[in-house]
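Colleague: Got a structure for you, written out below as structure tokens; questions coming shortly.
Taken together, the values in this text are just the output of simple stated rules run on the coordinates, not laboratory data. Just so it is clear, the structure is predicted and the values come from calculations on it, not from any experiment. Here the Cβ positions follow ideal geometry from the backbone for every residue, glycine too, while neighbour counts run over all protein chains shown.
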Amino acid sequence: MTNLPEDFLKLIPTLPDVNVQAFLDAHQQPAPVSIRLHPVKWKKWASDKRPEDLLPVSSPVPWAQHGFYLRERPSFMFDPLFYAGAYYVQEASSMFVDFVMKKWTVQRRSTPALLLDLCAAPGGKSTILLDHLQPDDLLVSNETIPQRLQILQENLIRWGYPQIVLTQAEAHYFQSLPMGFDLILVDAPCSGSGMFRKDRQMCRLWTSGSVWACSKKQQHLVTDIWPALKPGGWLIYSTCSFSVEEDEQVVDTLITQAQAEALHLQIPDGWGIVQTVTPQHRAPVYRFYPDRLEGEGFFLAVLRKPDHQTIQSRSAFLKKQQIFEFEELKTHWPEAYLPKDAHVGLIRHREQAYLFPAAHTHTLHELARRVPLRQAGLCVGKFNKEWIPDHALSLQIGLRENLPALELDREQALRYLQKHSPDANQLTPGWYLVTYHRFPLGWIKSIGHRINNYYPAAWKMNRTIPENFFP
Ligand SMILES: C[S@@+](CC[C@H](N)C(=O)[O-])C[C@H]1O[C@@H](n2cnc3c(N)ncnc32)[C@H](O)[C@@H]1O
């Protein structure tokens, strides 16, 4: 039973195209559980399996190619496939970004694209953007709160793409970048009313004052980041709030201040997505109500920068002292693990080597001078007398398929994630992938008489496996 805040109850009848009673009734129903499968990893490691062979899937999410509703909520924490990045647990409405990205892909330029996810943690929508990238493209995934940045980093390592930079910056930092972005996603921090059904805590935290404060912040975010968008580039604006102040009014502000063009998306009627318009400019926007579809509250609009506008690059103090130094690496290519790929280069940061899209090394230099960088590319490991593969390499989408591997059952896999060493003394010395249903989970090294577990200590699964968990 969801007890909606008193002030919110008064607001419901004012929401665009709302059916008040159906809306209230839907809030007494349980929220559906949904996941998005990793398109590359499933194709690579489980092409002979259907999703229902490994997960309790019921039906597809209509607007997301790899999205599925589940019959029940499994204990994701005890599913090795979750740790392998085989899927991302994601609220269904927010997967609509996948549909928008398909539209963007059709009209994008063919040159290497630069994308920004401005408010990225915990990373759900960054994983969608990554699924739509070409090997030469780059995604800058940004988050201002340090603890959330850590979760973002972990989730993106699991997703396994090398076309990634992590930054920790306020929007205006990106204004000084000379190249501009082809696509920017602003999935803004919001008052969270769209999550009332899924997360009761949101009901307790919500106030009408928080709506007002969020609206101000959202207006700053979109107007601050707009100059960094290329002419013809798209800004996707989304929230999980029902409030017009955080949704339509923010879109209207951007149109008034920046002459943004709102794009109309052709959406099948049967999906239940409400297509409405903003009060001031009559711009098309999209609302998700839980009584009309299987998903939580969500709002989205796509704004295009007119071709005659420019990238309004602001001058900035370029950093004298670099926090993030890197150099391009020509040696130590970890050939044994990865197919040689013309698109991917190697860079070095401290002792570690990272895969990084070669077409964007200049972008990285420019970013490093202007924006606080936290990670660039995908760590493949370090060379210290011998090649020591990094955990991220085991989860990388381009990993070779014929590497030596030790396949574990569920119990063994969970024990591996708890940092126990598998019992496999017969292995000849060397590095091995640990796999579950063929999906890589991490590394072990056999040193003849012993197996060393290389699962990262910081990621160790600390939960106690319940008694009688395994049949
Ligand atoms: C709605 S959440 C993003 C969810 C994420 N896009 C996803 O799909 O997993 C909004 C995020 O914006 C972050 N944030 C807050 N203030 C910000 C700012 N000034 N600039 C960028 N991000 C900010 C919050 O910490 C939060 O992680």
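Colleague: Give me Phe288, Phe82 sorted ascending by neighbouring Cβ count inside 10 Å, so fewest comes first.
Modeller: Ascending number of Cβ neighbours within 10 Å: Phe82, Phe288.
Colleague: Further, regarding this structure: State to the nearest 20 debye the size of the charge dipole of the chain about its Cα centre, where the only charges are +1 on K and R beta carbons and -1 on D and E beta carbons.
Modeller: 1020
Colleague: Continuing with the same structure: Return the FRET efficiency for the residue pair Phe470, Asp291: r is the Cβ-Cβ distance, R0 is 35 Å, and the value is rounded to the nearest 0.05.
Modeller: 0.30
Colleague: Sticking with this structure for a sec: Would you give the gap between the C-alpha center of region 375-452 and the C-alpha center of region 231-273, rounded to a whole Å?
Modeller: 44
Colleague: Further question on the same structure: Once you have the Cα-Cα distance between Gln426 and Lys385, take 0.36 nm times their residue separation minus that, and quote the gain in nm to one decimal.
Modeller: 12.2 nm
Colleague: In terms of Cα to Cα distance under 20 Å, which lysines are near enough to Lys230, apart from those fewer than 8 places away along the same chain?
Modeller: Lys102, Lys103, Lys305
Colleague: Cα to Cα, under 30 Å, and not fewer than 8 places away if on the same chain: which lysines meet these conditions relative to Lys460?
Modeller: In chain and number order, the partners are Lys41, Lys43, Lys44, Lys49, Lys125, Lys198, Lys382, Lys385, Lys419, Lys445.
Colleague: Here's another thing I want to ask about it. Please state the shape class of region 1-134: rounded when a/c is under 1.5, otherwise prolate if a/b exceeds b/c and oblate if not, all from the C-alpha gyration tensor.
Modeller: Since a/c reaches 1.5 but b/c is at least a/b, the shape of region 1-134 is classed as oblate.
Colleague: Can you sort His38, His349 by how many other beta carbons sit within 10 Å, fewest first?
Modeller: His349, His38
Colleague: Right, here's the next one. Considering the Cα trace of region 382-431, what is its radius of gyration and what is Dmax, both in angstroms?
Modeller: Radius of gyration, then largest Cα-Cα span, for region 382-431: 12.6, 35 Å.
Colleague: Roughly how many Å is it from the Cα centre of region 198-219 to that of region 102-136, as a whole number?
Modeller: Going from one Cα centre to the other spans 28 Å.
Colleague: Among Asp291, Asp48, which comes first, then next, by fewest other beta-carbon atoms within 10 Å?
Modeller: Asp48, Asp291
Colleague: Right, another one. What FRET efficiency would be calculated for the residue pair Ala22, Val89, taking the C-beta separation as r and a Förster radius of 25 Å, to the nearest 0.05?
Modeller: Computed FRET efficiency for Ala22 and Val89: 0.40.
Colleague: In nm, what is the difference between 0.36 nm times the number of residues separating Gln201 and Gln257 and their Cα-Cα distance?
Modeller: Length gained, Gln201 through Gln257: 16.6 nm.
Colleague: Ok, one more. Taking the Cβ-Cβ separation of His264 and Arg463 as r and a Förster radius of 56 Å, what is the calculated FRET efficiency to the nearest 0.05?
Modeller: The formula returns an efficiency of 0.75 here.
Colleague: For the chain, report the translational diffusion coefficient in µm²/s to the nearest whole number, using Stokes-Einstein at 10 °C, 1.306 mPa s, and a Kirkwood Rh over Cα pairs.
Modeller: Rounded, D is 67 µm²/s.
Colleague: Can you list which of the trypsin sites (Lys or Arg not before Pro) found in region 247-312 are DSSP loop residues with at most 15 other C-beta atoms within 10 Å?
Modeller: Loop-located and lightly packed - Arg282.
Colleague: Another question, then. Find how much the distance from Leu9 to Ala405 grows on full extension, using 0.36 nm per residue of separation minus their present alpha carbon separation; answer in nm with one decimal.
Modeller: Between Leu9 and Ala405, full extension yields 137.0 nm more.
Colleague: Quickly estimate the mean residue ellipticity at 222 nm for the chain, helices only: each DSSP H run with n ≥ 4 gives -39500 (n - 2.57), and the total goes over all residues, rounded to 500.
Modeller: After summing the helix terms and dividing by the residues of the chain, the value is -7000 deg cm²/dmol.
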